Structure formats: C-alpha cells, structure tokens
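Q: Can you read through this structure? Questions will come right after.
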Amino acid sequence: MSRKRKKPTGYRTSPSGATSRPAPARMKDPGRPAAPGMLGWLSRPPADTGWPSVSKSVGRGFVTVGTSPLVLLSSFALVLLLWLALVGLGLEGPPGRLVNLLALPPISTYFDALNGVTIYGFGPMGFIAATAFLLARSVLLALITAFIVRIYEGEGSVGETLARGARVIPVAMGVNLLTLAMMVAGSIVLPVLGAGLGFLASVLTLVAALFLFVFAPVVALREPGRPLYEVVRRGARAALLPGSRHLLMCLLYIFLTLPILVALAPGGALLGVNPELATWVYALLCTYVHLAFLAAFAFRLMSIEEDIPEEPVRIRRR
C-alpha cells in the first residue's frame with residue numbers, strides 16, 4: 001500500500017481551510033528576460049515558487065533536530081561508537097576527524113576514504129576499507145533521514161520508522177557509491193589542470209555531488225517503490241527547478257563543514273586517540289550542525305515535492 005504523503009507544517013491556507021499551492025516553479029514572468037537554456041536554475045525566482053528560503057530552511061532544520069531528543073542523543077552516541085570502532089581498527093588520529101563523523105555525503109565520503117587509507121594504506125585494502133566504511137555510513141544515513149522525515153510527517157512509531165529507513169538503505173548506498181565514483185574519477189582526471197585549478201575543480205566536484213544526490217534518500221522515503229535511477233533522477237530534477245537556491249545551500253554546507261569546522265576544532269590536528277573534553281564538545285556541536293542541514297534539505301524537498309515534474313521541463317528556444 002502506498003503511503004499518503006504529508007507536507008511539513010507552515011503552508012498557506014485559504015479562509016475555507018484548503019491548502020493553497022504556490023505558482024509552479026516553471027512559470028515565467030513576462031517582465032523579466034528568461035535565463036538561457038540550461039542556466040534557468042541559476043536565475044532569480046520569477047514568482048513565489050514554493051521553495052522556502054535558505055535561511056528559513058536552515059533555521060527549521062536546527063529547530064527540528066534540536067527539539068528531538070531521540071535524533072540528537074542517538075546521533076551523539078553514534079559519534080562515540082564510530083570513533084571507538086575506528087580506533088579499534090587502528091586509527092591513530094587526529095581527533096579533528098570527530099567533527100565530520102556524521103557529515104552528509106560527499107563530506108562523509110571524503111573522510112571515509114581518508115580513514116581507509118590512513119588505517120590500511122594506499123592500495124586494494126585501503127579502497128576496500130573505504131568502501132566498507134561508506135556502506136556502513138549509508139545504513140546510518142538512511143535511518144537518521146527516516147527519523148527526520150517522521151518528525152515532519154508527525155506520525156509513525158519508532159519501529160515503523162526503522163522499517164522505512166531499512167527499505168531506503170539501498171538508495172543511500174547507491175548515492176554514496178555514485179559520490180565515491182565521482183571523487184575517484186576526479187582524482188584521476190583533475191590533476192591535469194594543475195594545482196590551483198585542480199583543487200578548485202575537486203571542491204566543485206563535492207558541491208556537484210551534494211547538489212545532485214542529497215534529495216534522493218528523502219524522495220525514496222516519501223515515494224516508496226521507485227527504482228534507484230528514478231529516485232536519483234527525481235531528486236536531481238527537484239534540484240534543477242528554477243528559483244530553488246539549491247546551489248547556494250550546497251555551497252554553504254560544503255564550505256562550512258569542510259574547511260571551517262575542521263580548522264576550528266580545538267586540538268583537532270594533534271595525533272592521538274584520546275580527544276580532549278573541548279574536542280568532544282565541539283564535535284557534538286558540529287554533529288548537530290550536520291543533522292540540522294540534513295533536516296533542512298528534507299524540509300525543502302517536502303515543501304515542493306508536488307511541483308517536481310515527472311518529465312524533464314522542455315525549454316523553448318527563441
């Protein structure tokens with residue numbers, strides 16, 4: 001049986017009590033010139049597209065996670081368990097890696113690969129370990145996303161939520177493997193651009209992976225039964241809707257979590273397996289930030305999911 005989709009609260013209602021839908025995102029304002037071809041998703045929104053603003057989305061994400069002790073405390077416990085598991089496998093630090101233990105792909109994908117290489121070295125064993133870390137993280141990502149979507153829907157027991165999350169694990173694994181494939185391909189191709197352009201292109205690869213795949217687990221939860229390629233394509237189609245400001249949100253997350261949070265970690269660059277108390281507190285705060293952005297992305301997708309076209313929008317050329 002298909003599950004009835006519910007929107008997160010905060011929609012406009014008419015005096016009669018009916019929910020009013022905003023104008024479709026693809027409607028064009030005749031008073032403003034259209035963006036050329038494939039660049040329409042970079043244009044300023046022509047009208048009220050239904051997308052919540054970036055600031056509202058991030059604020060909603062922080063409130064949603066901060067008011068859910070189950071999500072927050074279980075994630076804090078996961079940070080401890082993941083660190084102990086990595087140390088048990090032979091990781092010797094630095095403690096700064098605590099900061100992104102529950103980051104979203106592709107940030108988490110990057111650190112999974114880094115941890116695999118650090119413990120087992122370059123070569124087949126390092127790649128196998130990185131893939132295993134990535135698959136284990138996919139399970140956690142699917143379950144945490146299911147609990148966040150459950151908060152917005154306002155229904156469902158813990159057991160039902162775990163079952164829904166378990167059904168989404170293959171999608172989370174597929175998204176993580178696609179992200180890893182993009183990063184591996186980039187590491188092979190991008191060095192020919194030189195040090196400066198190569199580094200910039202590698203960062204843009206992370207932004208592109210987040211841009212295209214971040215909605216996929218939420219789509220799989222909200223629309224069960226779709227195959228993986230349909231879930232990924234529908235999530236990417238939502239990201240490309242005009243007026244979404246999705247690129248801005250992805251840039252904000254990548255540049256906040258990768259250079260800034262890691263650089264500010266107290267004692268994060270020191271080798272060792274016993275982080276200081278300040279490092280632990282900072283790592284838990286950063287975990288809260290990661291979960292808040294996950295909730296923000298879920299809120300944005302659920303706000304406009306009925307406006308996502310089933311087929312690509314055809315843009316007529318003048």
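The values are calculated or read from the model by the stated rules, or taken from the named source; none is laboratory data. No experiment lies behind these values; they were computed from the predicted model shown. Cβ sites come from the backbone with ideal geometry, for glycine too, and all protein chains shown count toward neighbours.
Q: For the condition out of contact with any Pro (no Cβ under 6 Å at 6 or more places or on another chain), closer than 23 Å to residue 52 by Cβ and surrounded by 15 or more Cβ atoms within 10 Å (Cβ to Cβ), what is the one hit in 283, 265, 236?
A: 236
Q: Please verify whether the range 261-270 includes one or more residues that are under 24 Å from residue 298 (Cβ atoms) and out of contact with any strand residue (DSSP E or B) (no Cβ under 9 Å at 6 or more places or on another chain).
A: Yes; the residues of the range 261-270 include at least one that is under 24 Å from residue 298 (Cβ atoms) and out of contact with any strand residue (DSSP E or B) (no Cβ under 9 Å at 6 or more places or on another chain).
Q: If I filter the range 68-77 for residues that are under 21 Å from residue 209 (Cα atoms), under 16 Å from the mean Cα position of the chain (by Cα) and at pLDDT 90 or above, do I get at least one hit?
A: no
Q: Consider the range 51-86. How many of its residues are among the hydrophobic types (A, V, I, L, M, F, W, C) and within 22 Å of residue 247 (Cα to Cα)?
A: 4
Q: Restricting to the range 94-125, count the residues that are assigned to a helix (DSSP H, G or I), closer than 27 Å to residue 292 by Cβ and not β-branched (Val, Ile, Thr).
A: 12
Q: Can you tell me which residue among 131, 161 is in contact (Cβ under 8 Å) with a residue 24 or more places away in the chain and polar (S, T, N, Q)?
A: 131
Q: Right, residue 310: assigned to a helix (DSSP H, G or I), surrounded by fewer than 17 Cβ atoms within 10 Å (Cβ to Cβ) and among the acidic types (Asp, Glu) or not?
A: In short, no.
Q: Any residue in the range 147-154 that is assigned to a helix (DSSP H, G or I), in contact with an Asp or Glu (Cβ under 9 Å, 6 or more places away or on another chain) and over 22 Å from residue 270 (Cβ atoms)?
A: Yes: the range 147-154 contains one or more residues that are assigned to a helix (DSSP H, G or I), in contact with an Asp or Glu (Cβ under 9 Å, 6 or more places away or on another chain) and over 22 Å from residue 270 (Cβ atoms).
Q: Would you say residue 219 is surrounded by 15 or more Cβ atoms within 10 Å (Cβ to Cβ), in contact (Cβ under 8 Å) with a residue 24 or more places away in the chain, among the β-branched types (Val, Ile, Thr) and more than 28 Å from residue 114 (Cα to Cα)?
A: Against the criterion (surrounded by 15 or more Cβ atoms within 10 Å (Cβ to Cβ), in contact (Cβ under 8 Å) with a residue 24 or more places away in the chain, among the β-branched types (Val, Ile, Thr) and more than 28 Å from residue 114 (Cα to Cα)), residue 219 qualifies.
Q: Also, quick follow-up: Among the listed residues 146, 142, 132, 136, which satisfies the condition of being out of contact with any Leu (no Cβ under 7 Å at 6 or more places or on another chain), more than 23 Å from residue 279 (Cα to Cα) and surrounded by 22 or more Cβ atoms within 10 Å (Cβ to Cβ)?
A: Going through 146, 142, 132, 136 in turn, just one is out of contact with any Leu (no Cβ under 7 Å at 6 or more places or on another chain), more than 23 Å from residue 279 (Cα to Cα) and surrounded by 22 or more Cβ atoms within 10 Å (Cβ to Cβ): 142.
Q: Quick one: in the range 169-216, which of the residues that are over 26 Å from residue 296 (Cα atoms) and touching a Ser or Thr at 6+ places or on another chain (Cβ under 7 Å) is surrounded by the fewest Cβ atoms within 10 Å (Cβ to Cβ)?
A: Residue satisfying both the conditions and the ranking: 190.
Q: Right, here's the next one. If I filter the range 120-141 for residues that are at pLDDT below 90 and under 16 Å from residue 271 (Cα atoms), do I get at least one hit?
A: no
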